[in-house]
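Structure first, commentary second.
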Amino acid sequence: MRIACFITSHGFGHATRSLALLNKLAEKENLNVFIFSTLPAWFFQENLNGISYKYHHIETDVGLVQKSPFLHDLNLTIDRLTTFLDFKKEETEPILQILEKELFDFIFCDISPLGLYLGNKLNIPTCLLENFTWEWIYESYLFKNQNFKRPIEKLKDIVSKTNLHIQTNPICKPDENLLQINPIFRTWRQSKLQTIEQIGINIDKPIILITTGGISQKFSFLEKIKKDDKHFYLITGDYSKMEKGKNYILIPQKNDFYFPDLVQLSDGVVGKAGYGTVAEVWGAQKPLIGIFRDDFRESVPMRNFVQKNIAGFEVSKFSFQQGDWIPKVEQLLSEPPKCSSTIENGSEEAALIISKWSKNGFITEGN
């Protein structure tokens, strides 16, 4: 099965679920994958388990232009979005040549409109995986900038021509006519003991993992953490190298550890409640201190899912950055799990859907 994958670079959450799906699909089908994204090449190398793939560093969408994990620039976003959606020939022609030459069975997109647009242009079947689409996000900014109106209409048209459309929880705009599945998450690869040995620590304290997903930053609360002798902290962020302290380790974004192993090792997680973090915390059933972006439309359904399915509580962006949550870690660790039933990974559901679609000649039932 030859697949062209167009993956947004808006954080790592979209890529983590896409690659978890590809790994699961590879258990059922022989895959040859071409990846189009601006996420770093090492991320795909780290997450694809023996799948044959080629990587093309190509912008597949604009999303929101981020100033930091919690701040975006709407004016710059609309400028770049308007230009991007022109799909100028000099920018799309090299990609079209690859798509025509490689004879792909279908194009897979994780909220990237570029792959959907090109698939429709070349009459290649397309599969869209999403818990939100960009036009739905942009609608919430119309009251600030009416210039989003034309891109929204163009994106709606592109999405409407998708051949296979899968929604993965937490779904922002559920459509009962579409296929809906559980959250997709990567599973851990090794035991807690193996991860502790890999990190090179010897501790008997509860472990707290801190993350802001694929958009890293440095944190100002390190001095407060150093004073906490009851817990050990794994802090992932904008660091040039790994640094070990008495009760913490600073871990750069590119590191030797598999992130789901760190989630599985931890007793609790603190961080930005984006899709990747929420799905993997849910899959590992770890308690979460979540930080939500109030100016991002996804936050409402994401918050609802977390409150219903994941133990823990929310703190504000300011409280997170100031470290006001540190005295509440014991409260986090005492929270009882909210999910008593067996966790079912949406990657298995999605892989079955796509495998069945392929056996049907990539024709969606009802079309």
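Brief remarks on what is shown
- Remark on region 192-333: Rg and Dmax equal 14.1, 42 Å (Cα only).
- Working note: Debye formula, equal point scatterers on the alpha-carbon atoms of region 24-183, no solvent; log10 I(q)/I(0) at q = 0.21 Å⁻¹ is -1.64.
- Close amide H partners of Tyr53, meaning residues 5 or more places away or on another chain with modelled amide H under 5 Å apart, are Val33.
- Here is how the number arises for the chain: DSSP H runs of 4 or more residues each give -39500 (n - 2.57), the sum is divided by the residue count, and the result at 222 nm is -11000 deg cm²/dmol.
- Couplings 3J(HN,Hα) for region 131-137, derived from phi with the Karplus relation 6.51 cos²θ - 1.76 cosθ + 1.60 (θ = phi - 60°), are 10, 8, 10, 5, 5, 5, 5 Hz, where x marks Gly and Pro.
- Remark: region 192-333 carries a charge dipole of roughly 160 debye about the Cα centre, counting +1 on each Lys and Arg Cβ and -1 on each Asp and Glu Cβ.
- In terms of other Cβ atoms within 10 Å, Ile235, Ile326, Ile7 run from fewest to most in the order Ile326, Ile235, Ile7.
- Rounded, prolate or oblate (a/c below 1.5 giving rounded, otherwise prolate when a/b exceeds b/c) for the chain by Cα gyration tensor: prolate
- Across the options Tyr258, Ser347, Pro336, the greatest Cα extent toward the positive end of the charge dipole of the chain (unit charges at beta carbon of Lys, Arg, Asp, Glu) belongs to Pro336.
- Residues with amide H under 5 Å from that of Cys5, placed H, sequence gap 5 or more: Phe34, Ile35, Phe36, Phe108
- Burial ordering of Leu85, Leu352, fewest other beta-carbon atoms within 10 Å first: Leu352, Leu85
- Taking the centroid of alpha carbons for each part, region 79-151 and region 244-272 are 34 Å apart.
- Net dipole in debye of the chain [+1 Lys, Arg Cβ; -1 Asp, Glu Cβ; about Cα centre; nearest 20]: 440
- Debye log10 I(q)/I(0) for region 262-367, one point scatterer per Cα, at q = 0.13, 0.15, 0.19, 0.25 Å⁻¹: -0.57, -0.69, -0.94, -1.38
- Shape of region 24-107, Cα gyration tensor, a/c cut at 1.5: oblate
- Within the chain, the longest run free of exposed loop sites, counting trypsin sites (Lys or Arg not before Pro) that sit outside DSSP helix and strand states (H, G, I, E, B) and have at most 16 other Cβ atoms within 10 Å, spans 255-337.
- Each residue of region 323-334 was assigned a 3J(HN,Hα) from its phi angle through the Karplus expression (A = 6.51, B = -1.76, C = 1.60, θ = phi - 60°), giving x, 5, 7, 4, x, 9, 4, 4, 4, 4, 5, 8 Hz with x at Gly and Pro.
- Think of each Lys and Arg Cβ as +1 and each Asp and Glu Cβ as -1; about the Cα centre, that makes the dipole of region 1-73 roughly 160 debye.
- For Ile208, the amide hydrogen comes within under 5 Å of the amide hydrogens of Phe232, Tyr233, Leu234, Asp267, counting only partners 5 or more places away or on other chains and with H modelled in the peptide plane.
- Pairs beyond 20 Å (Cα-Cα), from Lys156/Lys356; Lys227/Lys328; Lys205/Lys317: Lys156/Lys356; Lys205/Lys317
- For the residue pairs Lys54/Lys308; Lys241/Lys272; Lys244/Lys286; Lys67/Lys161; Lys67/Lys173, the C-alpha atoms sit more than 28 angstrom apart in Lys54/Lys308; Lys67/Lys161.
- Estimated translational diffusion coefficient (Stokes-Einstein, Kirkwood radius over Cα pairs, 37 °C, 0.692 mPa s) of region 85-179: 230 µm² per second.
- Theoretical FRET efficiency, 1/(1+(r/R0)^6), r = Cβ-Cβ of Ser316 and Asn75, R0 35 Å, to 0.05: 0.85
- Cα centroid of region 41-77 to Cα centroid of region 297-327, whole Å: 24
- In the elastic network of the chain, a GNM with C-alpha springs shorter than 10 Å, the most mobile of Leu64, Leu222, Leu25 is Leu222.
Values quoted throughout were computed directly from the atomic coordinates according to the rules given, and no laboratory measurement underlies them. This one's a predicted model, so the numbers in the text were calculated from it and none came from an experiment. Cβ coordinates were reconstructed from backbone atoms using ideal geometry, including for glycine residues, and neighbour counts include every protein chain displayed.
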